[in-house]
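Structure first, commentary second.
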Amino acid sequence: MKVQQFLEHHGQTQNPFSQEDAQTDSLFKQHCSKGTFHPAWDKIYGDPGSPATAVVFGEKGSGKTALRLQIVDHSANYNSEHPDKRVFIIEYDDFNPFLDCFDGKISWPGGSPERTLGKWRLGDHIDCILSLGVTKLIDDIFEERIQGKPGPFEVRGENLQNLTRPQKRDFLLLACLYDRSTDAALQSRWTILRRKLRFPNWKTWREIVIGTAISLGVFGILAEFGSLSKFGNWWVWMMIVGGWVPWLSKQTRLGWVGWKIQRHIRVLERQFNTLRQTMAKFEQGDLAGQPLPSRERSDDRYELLNKLQGILQALGFETLTILVDRVDEPRLINGSAERMKAFLWPLFDNKFLKHAGLGIKLLLPVEVSLFLQREDREFYERSRLDKQNLIRSLEWTGESLYDLANDRIRACHPNLIDSGDSQPSTGLKSWFDDSINESELVSTLARLRVPRHLFKFLHRLLVEHCHRYTDESPRWQIGRETLQSTMAVYMRDLEAYDRGLGTG
């Protein structure tokens, strides 16, 4: 007997439990993301118009990535309904580029990842966030849409002119510091952005014009009086060099600043010469007093974050939401709870987590929550986790898993997708023998704890049931003996996985 026969008999167009990762689960993206929620959804999502931080701990497969995708999806709907008060999303979930660069700058040959990650600071996190936000914004502006209804996170070209001159300067400064696109050279992208923003910088040529004019003037005077033979005299060269002193002074100063920025932005590859050349295209007054990440402190980063928020507000994004996920996956962390702690703990700063107009959703592995119990009073006073919508465990009851299975089964039923009908005869209970009541089924599913194990188990159960019958003598309900034996084998495998002996 084939699994597809069983599914077709129950009106299914596809296997509801064949996928285990929300990132690649088309059924979840198309049908379940809008109507299937964890019981704590409202506390985690909150109000995008007044964003709040949420700190969520959950074991593997509990639905953290699904939550992230749902937040993006619902934020898109919110933006469509509030075109003038949208929310801008930064998905902070690919850490490898930043950590690899950090490792290359900080680690010593033979040094341990724990020691390297121990040097990670809150400023490094803010640098990563600024880089993701600025690069995403510039990419969207370069793919400018001028006709039709804009997407929920798109920037319309005409909105760029809502930026004041100081905001255009701030945008160009952020692009100089944090744009990390590999599509084109930094200076080329910066120049294109400057032209799109219509930001004039002709005054930056003043020092070059002065130097060139004095050099040509000296040469012209010598030529006029027939004294070109004196061109090699020291006083002639002193006059020429003196004309270039303003330019040399500016370039030396900017080179020093660029070197300090390169040294203190540890998560990005920045060449001080490129920074010098790009900053030289700003007028001297535009850079005076501006915050630059040239020191080991977070105050300048907060100011730069405020600048990004001001730019976003002028472009129609009232608030900013940052989604932190997949912390256990980077190469440098490699699933280690101790390394995750070293990487994450700088984020637990109440000043950052409660930053105005900013909502941070931390979707974290449950292993890290064990370290919270060992922290002292100073940590809790700094982090104020009591104010951060803390969820210590993203738990699923048997009832919630049962409802989740029903939602996915009905999403695969062609007659129910559009009608919204929820007949009990089309749910999970209809797959089982009448001797198995709903209460028994719920208590059995409760042992699985999280959606990923639910999907794995039900897929394995379908395969096991179909293996027991032939195409000529099919059976359309799963019996108690098959349910119990498959559950026993699965729980044994699950226990081995929890001890690190299996693949899960």
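The values are calculated or read from the model by the stated rules, or taken from the named source; none is laboratory data. Quantities reported herein were computed from a predicted structural model and do not represent experimental measurements. Cβ placement follows ideal geometry from the backbone for every residue including glycine, while neighbour counts extend to all protein chains displayed.
Structure values in brief
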| quantity | calculated |
| --- | --- |
| Residue count, region 275-286 (criterion: surrounded by fewer than 17 Cβ atoms within 10 Å (Cβ to Cβ) and part of a helix (DSSP H, G or I)) | 2 |
| Selected residue (criterion: modelled with the lowest pLDDT) from residues of region 293-310 that are under 25 Å from PHE88 (Cα atoms) and either among the small types (Gly, Ala, Ser) or in contact with a strand residue (DSSP E or B) (Cβ under 9 Å, 6 or more places away or on another chain) (or both) | SER298 |
| Qualifying residue in region 303-312 (condition: part of a helix (DSSP H, G or I), assigned by TED's automatic domain parsing to the domain that holds ARG180, touching a residue at least 24 places away in the same chain (Cβ under 8 Å) and under 20 Å from ASN201 (Cβ atoms)) | yes |
| Residue in region 475-504 that is nearest to ASN15 (Cα to Cα), counting only those that are modelled with pLDDT under 90 and surrounded by 13 or more Cβ atoms within 10 Å (Cβ to Cβ) | GLY504 |
| Of residues in region 82-123 being polar (S, T, N, Q) and assigned to a helix (DSSP H, G or I), the one surrounded by the fewest Cβ atoms within 10 Å (Cβ to Cβ) | ASN96 |
| Residues of region 333-362 that turn out to be closer than 17 Å to SER383 by Cα and not in a helix (DSSP H, G or I), as a count | 10 |
| Contacts under 9 angstrom Cβ, first residue in region 487-504 being outside any helix (DSSP H, G or I), partner of a type outside the set (S, T, N, Q) and at pLDDT below 70, 6 or more apart | GLY504/ASP498 |
| Subset of region 49-81 (residues that are in a strand (DSSP E or B) and either at positive phi or among the aliphatic types (A, V, I, L, M) (or both)) | ALA54, VAL55, VAL56 |
| Region 198-216 residues that are among the aliphatic types (A, V, I, L, M), paired with ones that are part of a helix (DSSP H, G or I) (beta carbon under 7 Å, 6 or more apart) | ILE208/TRP247; ILE210/GLY243; ILE210/PRO246; ILE214/MET239; ILE214/ILE240; ILE214/GLY243 |
| Single match in LEU372, LEU364, LEU287 (criterion: out of contact with any helix residue (DSSP H, G or I) (no Cβ under 6 Å at 6 or more places or on another chain) and not assigned by TED's automatic domain parsing to the domain that holds SER50) | LEU287 |
| Any hit, region 322-342, residues being among the polar types (S, T, N, Q), modelled with pLDDT of 95 or more and under 22 Å from the mean Cα position of the chain (by Cα) | no |
| Failed item, numbered, when LYS361 is tested on (1) at pLDDT below 90; (2) in contact with a strand residue (DSSP E or B) (Cβ under 8 Å, 6 or more places away or on another chain) | (1) |
| Per-region count, region 66-81, residues buried (at least 19 other Cβ atoms within 10 Å of the Cβ) and in contact (Cβ under 8 Å) with a residue 40 or more places away in the chain | 7 |
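Matching residues to (1) within 26 Å of THR164 (Cβ to Cβ); (2) among the aliphatic types (A, V, I, L, M); (3) surrounded by fewer than 15 Cβ atoms within 10 Å (Cβ to Cβ):
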position	(1), (2), (3)
MET238	no, yes, yes
VAL241	no, yes, yes
HIS264	no, no, no
THR321	yes, no, no
PRO330	no, no, no
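So that you can scan it fast, the table gives a plain yes or no per residue for (1) of a type in the set (A, V, I, L, M, F, W, C); (2) under 30 Å from LYS387 (Cα atoms); (3) touching a helix residue (DSSP H, G or I) at 6+ places or on another chain (Cβ under 8 Å):
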{"site": "LYS43", "(1), (2), (3)": "no, yes, no"}
{"site": "ALA76", "(1), (2), (3)": "yes, yes, no"}
{"site": "LEU117", "(1), (2), (3)": "yes, yes, yes"}
{"site": "ASP124", "(1), (2), (3)": "no, yes, yes"}
